[in-house]
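Can you read through this structure? Questions will come right after.
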Amino acid sequence: MFRFSKFVAVLAIAAAGAATASAQAVTSPSKPYSLGIAGGAAIPTGSLSNANGVDGLNANTGYDVMGSLGVAAPHYPVSFRGDVAYNNFGLKNTPSNYHVWSVTGNAVYSLPAQAAARPYLIGGLGAYRPNSSTGNVTVSGDTKLGFNVGGGIIVPLSGFNAFIESRYNQYAAGNGRSMNFVPVTFGVMF
């Protein structure tokens, strides 16, 4: 929990610095790309949260950190975003952790809105790499194909956008099984 508190503090400092850095919009005809950072809670679902599930995992709610690169055409409702994320779950009744690295390519559809805050839908495919660790020993799993789908709200601020989103992630765990989790993240796009 202490590491997560540090991450939130760094995120707040970065957001405050970005507010004074530039009045330029996140994407514009002269700047069709954006960079983002985000973090939040990662909620295990299905077999990842169930002690009787796949691989006998019984995970606690963990944390998520993410970096993003967005590409958009002005005045077009669909944009694209690549995300690199790290999700960490502590396992109940054991000193072990379960980690999932992911690299995903996503389409983002901005829903029509009359207010400054804009809702959006997001989804895409990616590669997921699970690992487990106990103390200083880490066991890496194979990279798996997976998908994510969800939604969020983006709020334009002075020189950057803030967003909150939630996405259902699922990847193949072998033998017709799957693992899934739902990160709820808050972030900023510059």
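Can you tell me which of 159-170, 86-97, 106-117 comes out highest on packing, and rank the rest after it, using the mean Cβ neighbours within 10 Å?
Working: 159-170: 19.3, 86-97: 16.0, 106-117: 12.2.
Per-residue mean Cβ counts within 10 Å order the peptides as 159-170, 86-97, 106-117.
Using the Karplus curve 6.51 cos²θ - 1.76 cosθ + 1.60 with θ = phi - 60°, what ³J(HN,Hα) values do you get for each residue of the stretch 165-176, in whole Hz, with x for Gly and Pro?
Each residue's phi maps through the Karplus curve to give 8, 9, 9, 7, 10, 9, 9, 6, 10, x, 6, x Hz.
Something else about it: Once amide H atoms are placed 1.01 Å from N in the peptide plane, what residues at a sequence separation of 5 or more from Ala173, or on another chain, have their amide H within under 5 Å of its amide H?
Ser178, Met179
Which percent of the accessible heavy-atom area of the stretch 42-189 goes to carbon and sulfur, probe 1.4 angstrom? All intermediate terms of the calculation are to be shown ahead of the outcome.
Values: 4390 of 7110 Å².
Summing carbon and sulfur atoms, their accessible area is 62 percent of the total for the stretch 42-189.
May I ask you to order 63-70, 146-153 by the average number of other C-beta atoms within 10 Å around their residues, highest value first?
Numbers: 63-70: 19.6, 146-153: 17.9.
Put in order of decreasing packing, that is 63-70, 146-153.
Still on this structure: Under the rule a/c < 1.5 gives rounded, and otherwise a/b versus b/c splits prolate from oblate, where does the stretch 41-190 land using the Cα gyration tensor?
Numbers: a/c = 2.32, a/b = 2.06, b/c = 1.12.
Note, shape of the stretch 41-190 comes out prolate.
Sticking with this structure for a sec: Stretch Ala41-Val103 to full length: gain in nm at 0.36 nm per residue minus the Cα-Cα span? Walk me through the numbers before you get to the answer.
On the way: separation 62, 0.36 × 62 = 22.32 nm, distance 1.80 nm.
Result: 20.5 nm gained on full extension.
The values are calculated or read from the model by the stated rules, or taken from the named source; none is laboratory data. Note that the coordinates shown come from a computational prediction; the quantities given were computed from them, not determined experimentally. In this analysis, Cβ positions are derived from the backbone assuming ideal geometry, glycine residues included, and neighbour counts consider all displayed protein chains. These accessible areas exclude ligands, DNA and RNA; they are computed on the full protein's heavy atoms, side chains included. Shrake-Rupley method; radii C 1.70, N 1.55, O 1.52, S 1.80 Å.
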